[in-house]
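A.B. asks: Quick one: this structure, given as structure tokens, is what I'll be asking you about.
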Amino acid sequence: MMPFYDLGEGQKIPLSIRYNKRAKSIKMALSASRSLRITSPHTISEQEIFSLLSEQHHWIKRALNRMPEAVPAVAFPDTVEFLGIGQTWSVHYQPNLLISHIKLRIDSAHRQLTLSGQTQDEHLVQDALIKFCKHVAKEVLTTKTRELAEKMQISVNKISVRNQRARWGSCSSKANISLNCKLLFLSPQMMNYVIIHELCHTHHLNHSAKFWALVARFEPNYRALDRALNQYHTSIPSWCQF
């Protein structure tokens, strides 16, 4: 059962607590649907979390009072379409109040995803769907990047996949490439362009004339693709804009 935070005077709001191994401190956030989300390191106990909530009680009430009326919760999909790789997955939800989280069952053969557990918790569902996207993206984008690197005769070190907010990808001075799992929602040509762009950064960690000349060798239409990339955020499902 989804927990609630008691504001007093008969008011309660949905509360979700997520533990993140990368988190260094407790973070609180209020969603547009007026639910309270806590992100915490694994080392913090639930008692400590509720102690912090007690300390921040007045801030939470003031923040809620300043917010507009709650907007409808994010609509979760019955299908997920990965345009970049030409795959459509069906999504099934199985509520189970005996499970305190959400379990993912990924059936690659039938391209079917099943979420079971606290499927009424929008934050947990959103986390689960993004986890699924990262799972698919890690397999597909890693292979695609290795194939393009070989074709371009470029050496690449580590390849990681994340759910980045502002970047489609990045490349470090050690030729480590990080790609955004949202690339799966772009067209195949656009997805390939981003990977080519980052691979070229292994030679030029800038946007100099030499860098663009290298990009042009492998994607002559890079100017139009680079301009269009700024518009592609609209093609990302609302539940993945996180």
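A.B. asks: Name the single residue, out of those in the stretch 75-129 being at pLDDT below 95 and β-branched (Val, Ile, Thr), that is nearest to the chain's Cα centre (by Cα).
C.D. replies: Checked the stretch 75-129; the qualifying residue nearest to the chain's Cα centre (by Cα) is Val125.
A.B. asks: Go through the stretch 213-236 and count every residue that is modelled with pLDDT of 90 or more and either surrounded by 16 or more Cβ atoms within 10 Å (Cβ to Cβ) or closer than 30 Å to Val125 by Cβ (or both).
C.D. replies: Total satisfying the criteria: 7.
Every residue, every condition in (1) at pLDDT below 95; (2) surrounded by fewer than 13 Cβ atoms within 10 Å (Cβ to Cβ); (3) more than 24 Å from Arg223 (Cβ to Cβ), yes or no:
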position: Ser155; (1), (2), (3): no, yes, yes
position: Asn163; (1), (2), (3): yes, no, yes
position: Ala166; (1), (2), (3): yes, yes, no
position: Gly169; (1), (2), (3): no, no, no
position: Lys174; (1), (2), (3): no, yes, yes
position: Leu179; (1), (2), (3): no, no, no
position: Met191; (1), (2), (3): no, no, no
position: Ile196; (1), (2), (3): no, no, no
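A.B. asks: Another question, then. Based on what the data block shows, is Ser208 more than 30 Å from Val91 (Cβ to Cβ) and at pLDDT 95 or above?
C.D. replies: Considered against the rule, which asks whether it is more than 30 Å from Val91 (Cβ to Cβ) and at pLDDT 95 or above, Ser208 comes out as yes.
A.B. asks: Right, here's the next one. Exactly one condition in (1) at pLDDT below 90; (2) loosely packed, with under 14 Cβ neighbours inside 10 Å; (3) of a type in the set (Lys, Arg) is false for Arg34; which is it?
C.D. replies: (2)
A.B. asks: Let me ask another. Considering only residues that are touching a residue at least 24 places away in the same chain (Cβ under 8 Å), crowded, with 16+ Cβ neighbours inside 10 Å and out of contact with any Gly (no Cβ under 6 Å at 6 or more places or on another chain), which ones fall in the stretch 198-211?
C.D. replies: Looking only at the stretch 198-211, we keep the residues that are touching a residue at least 24 places away in the same chain (Cβ under 8 Å), and these are 198-203, 205.
With crowded, with 16+ Cβ neighbours inside 10 Å added as a condition, the list becomes 198-202.
Once the filter is applied, which keeps residues that are touching a residue at least 24 places away in the same chain (Cβ under 8 Å), crowded, with 16+ Cβ neighbours inside 10 Å and out of contact with any Gly (no Cβ under 6 Å at 6 or more places or on another chain), the stretch 198-211 yields Leu199, Cys200, His201, Thr202.
A.B. asks: Among the residues that make up the stretch 168-190, is at least one of them small (Gly, Ala, Ser) and either under 18 Å from His135 (Cα atoms) or outside the structural domain of Ala137 (by TED's automatic domain parsing) (or both)? Can you show your working first?
C.D. replies: So in the stretch 168-190, the residues small (Gly, Ala, Ser) come out as 169-170, 172-173, 175, 178, 187.
From the residues that got through so far, the ones that are either under 18 Å from His135 (Cα atoms) or outside the structural domain of Ala137 (by TED's automatic domain parsing) (or both) too are 169, 178.
Yes: the stretch 168-190 contains one or more residues that are small (Gly, Ala, Ser) and either under 18 Å from His135 (Cα atoms) or outside the structural domain of Ala137 (by TED's automatic domain parsing) (or both).
A.B. asks: A further question follows. Would you mind listing the helices (runs of 4 or more DSSP H) fully within the stretch 129-242 where at least 1 residues are touching a strand residue (DSSP E or B) at 6+ places or on another chain (Cβ under 7 Å) and not polar (S, T, N, Q)?
C.D. replies: Output list reads 188-200.
A.B. asks: Quick check on the stretch 55-74. Is at least one of its residues modelled with pLDDT under 85, surrounded by 11 or more Cβ atoms within 10 Å (Cβ to Cβ) and in contact with a Phe, Trp or Tyr (Cβ under 7 Å, 6 or more places away or on another chain)?
C.D. replies: Yes; the residues of the stretch 55-74 include at least one that is modelled with pLDDT under 85, surrounded by 11 or more Cβ atoms within 10 Å (Cβ to Cβ) and in contact with a Phe, Trp or Tyr (Cβ under 7 Å, 6 or more places away or on another chain).
The values are calculated or read from the model by the stated rules, or taken from the named source; none is laboratory data. The shown structure was predicted, so the numbers you read here are calculated from the model rather than taken from an experiment. As a convention, Cβ positions derive from the backbone with ideal geometry for all residues, glycine included, and neighbour counts pool all protein chains shown.
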